[in-house]
Structure formats: structure tokens, C-alpha cells
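> Handing you this structure, nothing more for now.
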Amino acid sequence: MNLIIEDLNKTYSNGVQALKNVSLTIPQGMFGLLGPNGAGKSTLMRTIATLQEADSGSVTMDGIDVLRQKEEMRTVLGYLPQEFGVYPKVSAETMLDHIASLKGINNKGERQEVVSALLQKVNLHGVRKKNLGTYSGGMKQRFGIAQALIGSPKIIIVDEPTAGLDPTERNRFHNLLSEIGENTIVILSTHIVEDVTHLCSDMAIICQGEVISSGHPAELVAELDGKIWTRTIEKNELPEYQAQYKVINTQLKSGKTQIHVLSEFEPDPSFERAESDLEDVYFARIAERMEVVPE
Ligand code: ADP
């Protein structure tokens, strides 16, 4: 089962073209949609989640014409939006029970079973009676996943889920998503490259509304093998290097600046070859894109 997006376009009424001929095939498993803020990720996610209209193009999944058969899509979809508000004075258990009944699980016993299993799955069973307002950021996100999982969806969309989570909570959240990705399409929209590196078997990079790269993370990284060069410089030397080389990434390390340069050849003998990673792919593709269409 694949989600197939073809030639999707969206221009907002203020003239911003948020999606430009977006075409992607998203298979089962974890799919990472990476892009800087304003790239069009949420627009794409909301369109797939049937929450907003596209101007043209199509989205299909398992025989469903997503843009037209909205109700059918909603029955197989779980969605965790970027801004996930909770009712602070309601317990996780009561809230899930309520959502389950909204989603059509009318039998009380069945609902209790579903809710209890989900609370176990997201590791909130021990705190199920506590009000959602008392939950940490990570707990709220896991609650968000539990609500998205009601009704055994075939596709789960999570928009920027790890912003604000501490490393332990993030790790736990990642493990939970991986588990779900074993038998579901999970689309993870994020601007955090590391989330995709560790989790996703397929990915795409979107920038200024366009897909600028897509494929398996390891293969995209391999394309840059031997083309990434590094050296440490003083911070004030950076503009000079940027003028001379394609500096795609800079990192502050013990007060010095480490730069990554994209080049087919050794820029000069002071550089060392660096092992390429997904961050290089991301920054190289975005830099190439910006050269064509500067912001
Ligand atoms: P991302 O999720 O990657 O940050 P968005 O899809 O939110 O990107 O936004 C893509 C572009 O569309 C941005 O330039 C944003 O300002 C613009 N945009 C998003 N929503 C609206 C809206 N409702 N009306 C007008 N412009 C919007």
C-alpha cells in the first residue's frame, strides 16, 4: 500500500505558492518529510489529512481519491497536528474514551479495551487518571499518538512532533513511532535532520514548496561520498571561506568554527575529507536550491 501524491499545487490567497507540482510516492514504514520553516510541510500534511483543499493535483491511497473522498480517508487516517492542544482538566483515559466514541466505537466494553491497550502502548497507563494539564511535553505527544491511533489507521501523519521534547522523551517517542511504522504508513514532518537519520527508511526534502530530493536516506548520503571536506577556522574567517567555497554547514566546536564544504576536489591541502551524513545532504540540497532561487 502506497500513498501517491501527484502534481499537487497550492497557492494561498495572499499569493504565497506553498506547493509547486509536488509528486511523491510514500510506502509503508517511516517516511521523513524534511524542510526548513515555511517550506510547505504543514500545507502538504494538512492536504493529505483532508483539512484543506489543493488547487490541483491528486492524492490516492488504497483506492481512495483522498482529495474527493474525504470521509473515506478520515476513517483510515490518524493525525497529530503541529499545535496539539489538550483539555487540561480532563484525564487521558476520559479523553481517549470520548475520542473513541466520536470515531464510532459505540460499544462501551470495546472502547474500554481499545483505550486501555492504547494507553499501554504509549506508556501512559500508569498515569491514565491524571489530568492532561499535568502532563509533560513528551507525555502530551504520546497522548497525541494514542488519539491518532484510535480506529487502527493505515496512515499516521505527525507534524513536527519532537520540538520541545528532552532527549529521553524524544527517544521514547521515536521508538513508539518506529513500532507503529512496522505496519502503517507514518509520515513524519520535521525540520530536525537527526529525527529522519535515526528513524526513516524513505524521505523527501521540500523547500519553497518543491520537492528537491527524495529517496532512501543512506543512498542520498552515499551520493555525497568523497565530496564533503572539512576544516576548522576562526569565526571571523567565515565570510572569506563562504566567498571562496560552497560552505554548506558550520558548527561551533570549543570556540572554533568547523566548516563543511561541498566540492568534487580537495579545496586546498588544509582541508580533510569528511564522512558525509544526512545533514550534509540536507544543507547541500537547500544551498543548491537557494542558488537557483534566492529567498
Ligand atoms: P512549513 O510547515 O514547512 O513551515 P507551511 O506549509 O506552514 O510550511 O507554509 C508554507 C508557506 O505558506 C509559508 O510561506 C507560509 O507563510 C505560507 N502559509 C501557510 N499557511 C498559510 C495561510 N493560511 N495563508 C497564507 N499563507 C500561508
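Please treat every number below as a calculation from the coordinates, not as lab data. Please read these numbers as outputs of a predicted model, since none were measured by experiment. As a convention, Cβ positions derive from the backbone with ideal geometry for all residues, glycine included, and neighbour counts pool all protein chains shown.
> Kirkwood hydrodynamic radius of segment 226-275 from all distinct Cα pairs, in Å?
Mean inverse Cα-Cα distance, inverted, gives 10.7 Å.
> Between Met1 and Ile233, what is the spin-label point distance in nm, taking each point 7 Å from the Cα along the Cα→C-beta axis?
Rounded to a tenth, the inter-label distance reads 5.0 nm.
> Taking Lys121 as the anchor, which lysines have their alpha carbon closer than 26 Å to its alpha carbon, excluding any fewer than eight residues away along the same chain?
Those lysines meeting the cut-off are Lys89, Lys103, Lys108, Lys129, Lys130, Lys140, Lys154.
> With both bridge residues required to lie in the chain, what share of the DSSP beta bridges run antiparallel, to the nearest 5%?
Percentage antiparallel, nearest 5: 65.
> Still on this structure, I have one more. Between Gln69 and Lys121, what's the calculated FRET efficiency when r is the beta-carbon distance and R0 is 25 Å? Round to 0.05.
Here the calculated transfer efficiency is 0.30.
> A further question on this structure: Considering segment 135-206, what Rg and Dmax in Å follow from its alpha-carbon atoms?
11.6, 33
> Oh, and also: For Arg170, what charge total do you get from the other residues with a beta carbon under 10 Å from its beta carbon, if Lys and Arg give +1 and Asp and Glu give -1?
Taking every Cβ under 10 Å from that of Arg170, the sum is -3.
> Taking Cα atoms, how many degrees apart are the long axis of helix 137-149 and the longest axis of the chain, rounded to 10 and kept between 0 and 90?
60
> Just to be sure I understand: with springs between alpha-carbon atoms less than 10 Å apart, which residue in Asn131, Asn183, Asn106 has the highest mean-square fluctuation in the Gaussian network model of the chain?
Asn106
> Could you work out which residue, out of Ala243, Ala274, Ala218, moves most in a Gaussian network model of the chain, that is, has the largest mean-square fluctuation with Cα springs under 10 Å?
Most flexible of the set in this elastic network: Ala243.
> Taking H placed 1.01 Å from N in the peptide plane, check which residues at least 5 places from Ile248 or on another chain put their amide H under 5 Å from its amide H.
Distant-sequence amide H within range of Ile248: His260, Val261, Leu262.
> Can I ask one more? Hey, got the dipole for segment 226-275? About the Cα centre, +1 on K and R Cβ, -1 on D and E Cβ, debye to the nearest 20?
So the magnitude is around 200 debye.
> Can you give the FRET efficiency for Leu102 and His216, using 1/(1 + (r/R0)^6), R0 = 41 Å, r = Cβ-Cβ distance, to the nearest 0.05?
0.60
> Out of all DSSP beta bridges with both ends in segment 87-219, state the antiparallel percent to the nearest 5.
55
> Do any GluC sites (Glu not before Pro) in segment 1-85 lie in a loop, going by DSSP, with at most 15 other beta-carbon atoms within 10 Å of their beta carbon, and if so which?
Counting only loop positions with at most 15 other Cβ atoms within 10 Å, the GluC sites (Glu not before Pro) in segment 1-85 are Glu53, Glu83.
> For Leu80, what charge total do you get from the other residues with a beta carbon under 13 Å from its beta carbon, if Lys and Arg give +1 and Asp and Glu give -1?
0
> Now, a different point. To the nearest 0.05, what FRET efficiency results for Ser178 and Lys130 with a Förster distance of 25 Å applied to their C-beta separation?
According to the calculation, E is roughly 0.45.
> List the pair-distance distribution P(r) of the chain, using every Cα-Cα distance, as the percent of pairs falling in each 10 Å bin from 0 up to the bin containing the longest distance, rounded to whole percents.
6, 25, 29, 22, 12, 5, 1, 0
> Projected onto the charge dipole of the chain (+1 at Lys/Arg Cβ, -1 at Asp/Glu Cβ, origin at the Cα centre), which of Leu80, Leu8, Thr60 gives the Cα projection farthest towards the positive end?
Leu80
> Below 14 angstrom from the Cβ of Phe143, what's the summed charge of the other residues (Lys, Arg +1; Asp, Glu -1)?
+4
> To continue, here is another question. Divide, for segment 1-50, the radius of gyration over alpha carbons by 2.2 N^0.38 Å, where N is the residue count.
1.18
> Sticking with this structure for a sec: Picking from Ser214, Ser270, Ser201, which is most flexible by a Gaussian network model of the chain using Cα springs under 10 Å?
Judging by the Gaussian network model, the answer is Ser270.
> How many nm separate the modelled label positions at Glu264 and Asp166, each set 7 Å beyond the Cα in the direction of the Cβ?
5.0
> Quickly work out the Glu223-to-Arg273 label distance, labels modelled 7 Å from Cα along the C-beta direction, and quote it in nm with one decimal.
2.0
> Which one of Tyr241, Gly255, Ala274 is farthest out on the positive end of the charge dipole of segment 226-275, using unit charges on Cβ (Lys, Arg +1; Asp, Glu -1) and the Cα centre as origin?
Result: Gly255, furthest along the dipole toward the positive end.
> Two-decimal Rg/Rh of segment 212-295 from alpha-carbon positions, Kirkwood Rh?
Over the Cα atoms of segment 212-295, Rg/Rh equals 0.97.
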